[in-house]
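One structure is given here, and the rest of the page talks about it.
The values are calculated or read from the model by the stated rules, or taken from the named source; none is laboratory data. Treat the numbers as computed from the prediction; the structure is a model and nothing was measured. Neighbour counts are summed over all protein chains in view; Cβ atoms, including those assigned to glycine, are modelled from backbone coordinates with ideal geometry. In case anyone asks, the SASA skips ligands and DNA or RNA and just uses the protein heavy atoms, side chains included. Shrake-Rupley method; radii C 1.70, N 1.55, O 1.52, S 1.80 Å.
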Amino acid sequence: MGQNLRSYRQARGLSQEAFADQLGVHRTYMGGLERGERNLTLQSLERLAEELGVDPVRLLQD
């Protein structure tokens, strides 16, 4: 999930810090998600996907 999140974020030209600000979370939390160090809820997954404009399933696919 973390690699997909990073790819979609970068494809939209957003830094980790900018995307974290957009979501209202700390940038270290976003970095932890992208590195696979943090778990997230389904609600958080849906929110990330919505902000990125992708289906949540796309973030979970290999």
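Here the simple spin-label model places points 7 Å from the Cα toward Cβ, and for residue 57 and residue 43 these points are separated by 2.4 nm.
Think of each Lys and Arg Cβ as +1 and each Asp and Glu Cβ as -1; about the Cα centre, that makes the dipole of the chain roughly 140 debye. The C-alpha atoms of the chain occupy a region whose extents along the principal axes are 24, 23, 18 Å, arranged from largest to smallest.
Per residue, the solvent-accessible area of the chain (1.4 Å probe, heavy atoms of protein chains only, all protein chains present) comes to 67 Å².
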